[in-house]
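The structure appears right after this line, and notes come after that.
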Amino acid sequence: MSGSPRLSRKPAPHPDDRVFAVREVQVADSLSPYMAVIAEYSRGQMNTDEMARKIASVRRKLRDRPRPVR
């Protein structure tokens, strides 16, 4: 055989055949509010004390929101 091996152009299938597993989506949803606060802080739009208060507020809101039924 000469030349390079032929590679498949099809991606490998995900084990559960979905784009994202449910757990992956829940983690991304719960990180988004934190990332927004950190981005605001990194742009210099708030000081450390304000960031800590907002992070605590995000934590309370995420804790108290209703969980999706599976």
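The values are calculated or read from the model by the stated rules, or taken from the named source; none is laboratory data. As the structure is a computational prediction, the values presented were derived from the model and not from experiment. No Cβ is skipped: glycine too gets one built from the backbone with ideal geometry, and neighbour counts run over all protein chains shown.
Taken over region 39-70, the criterion of being among the aliphatic types (A, V, I, L, M), in a helix (DSSP H, G or I) and loosely packed, with under 12 Cβ neighbours inside 10 Å is satisfied by 39, 56. Test residue 18 against the criterion of being of a type in the set (D, E, K, R), part of a loop (DSSP other than H, G, I, E, B) and either surrounded by 10 or more Cβ atoms within 10 Å (Cβ to Cβ) or modelled with pLDDT of 85 or more (or both), and give yes or no. Answer is yes for this residue.
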